[in-house]
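Taking it in order: structure first as C-alpha cells, then the write-up.
The values are calculated or read from the model by the stated rules, or taken from the named source; none is laboratory data. All of these numbers come straight from a predicted model, not from anything done at the bench. We place every Cβ from the backbone using ideal geometry, glycine too, and count neighbours over all the protein chains shown.
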Amino acid sequence: MPVAGDVIVEQTITPVSGRSRVFQAHYKITHLGSDLHGNAQQEFPAVYVTADYDRFVHYGGTAPWTNGAVSITTFPDLPTFSPIFFAPEHWAAHVNAQNMGLTVYVPSQYPYVGGFDYPGPSGPTGDGTNYFAPFVTLTIGPNFVFQGDYYLIARDYVTARQLVYELHKNLSAPDIFTPFGATDQPASGNTIGVMATVSGWTFDDVSVAKVEILVDGVVDGTASYGSSRPDVAGTFPHAPVNIGFSYSLDTTKYSNGAHSLNVRVTDSSGNIAVFPDVGVTVGN
C-alpha cells in the first residue's frame, strides 16, 4: 500500500540571464506533519550523471577563490562510499574524459561533498551512474518551511569554475542550514544515574550560539561549549578544533525508567538543530 508523504518539495529551474547552459534551481520544502525528524544530512541536491561522466572534480585546498589546483578522482563502486571531501568553494563536478559534464554550486552548503559510482552500461538507457551530494543538514519539525538555491552548469569544468566565481562574487550566501554534530555520551540504551555526563561535538558553517540539553522534550540546561575535539577532522577535513560540548545532568530530578534525551543546537542566525533521540534508562 502506498504511504502518503508529509513533506511537499517544490522546485523551479530558471536559466541564468546572459549565461549559456547555467541554471538556477530554487526549492521550497514544507513539512505538513506535526512530528520531529532529528537533524540529518539531506540531499539538496542529489546529483546523478550517466556512467561516462566518471571523473569527480573539486577544489580541496585551504585557499578558496584563488584558482588553486583542483583534484580529480573517481569514486568507489557501491556499496562503498567515498570519504568526505573538503570543498571550500562549494562546487563539484562529474565530467568525462574531455572534461565536459555537470558542475553544481551550492552557495550555502558546508565545505564538504561525497558520493559513489554505480557500475553499469552508460548512455540514456543504461543504468550505470555516478553520484555526489553536497553536505547540508536540516532538522524537520512541525511547521517547517525551508527555501534555498543551487546552480547547475553544463559545461567543461574549467569554464564552469569561472562562472561559479562570478556567482560567488555577485550573490549573497544566506546562512540557511542547521549546525550538525553528534552526541557521544550517553549511548542509546545506557542506564544513567545521579550525575550523568552528556557530551559530544557540534559546529556550524558560521558559528554556534547555544547548546541545550533536553530531557523528554524539555530543556534541562545549557551545555558548556568549546572544548578541543581534534578527532572530528579525521572525518570532516579542516573541521574547527574547539567544538566539543559537555553537560552534567542531574538525573535525580527524573523518575527511574525510560527517558528520551536530546541535544539542541542554535547557530548565530537562529537555525536550530535537534540531534536524534538518545533513549536512556534513569536508575537513581
**Item:** Options Ala133, Ala173, Ala160, Ala187: the member that is part of a strand (DSSP E or B) and small (Gly, Ala, Ser)
**Value:** Ala133
**Prompt:** What number of residues within the stretch 143-169 are hydroxyl-bearing (Ser, Thr, Tyr) and closer than 17 Å to Ile72 by Cβ?
**Reply:** 2
**Prompt:** Does Ala154 count as surrounded by fewer than 16 Cβ atoms within 10 Å (Cβ to Cβ) and part of a strand (DSSP E or B)?
**Reply:** yes
**Asked** Which residues, taken from the stretch 271-284, are among the small types (Gly, Ala, Ser) and at pLDDT 95 or above?
**Response** Ala273, Gly279
**Asked** Arg264 versus (1) more than 24 Å from Ala209 (Cβ to Cβ); (2) of a type outside the set (A, V, I, L, M); (3) touching an Asp or Glu at 6+ places or on another chain (Cβ under 7 Å): which is the lone unmet condition?
**Response** (1)
**Request:** Of the numbered conditions (1) surrounded by fewer than 16 Cβ atoms within 10 Å (Cβ to Cβ); (2) within 16 Å of Gln109 (Cβ to Cβ), Phe180 fails exactly one; give the number of that condition.
**Result:** (1)
**Prompt:** Out of Glu89, Glu43, which single residue is buried (at least 19 other Cβ atoms within 10 Å of the Cβ), outside any strand (DSSP E or B) and either at pLDDT 95 or above or under 24 Å from the mean Cα position of the chain (by Cα) (or both)?
**Reply:** Glu89
**Request:** Could you tell me which residue of the stretch 185-208 is modelled with the lowest pLDDT, considering only residues that are under 24 Å from Tyr110 (Cα atoms) and surrounded by 16 or more Cβ atoms within 10 Å (Cβ to Cβ)?
**Result:** Asp205
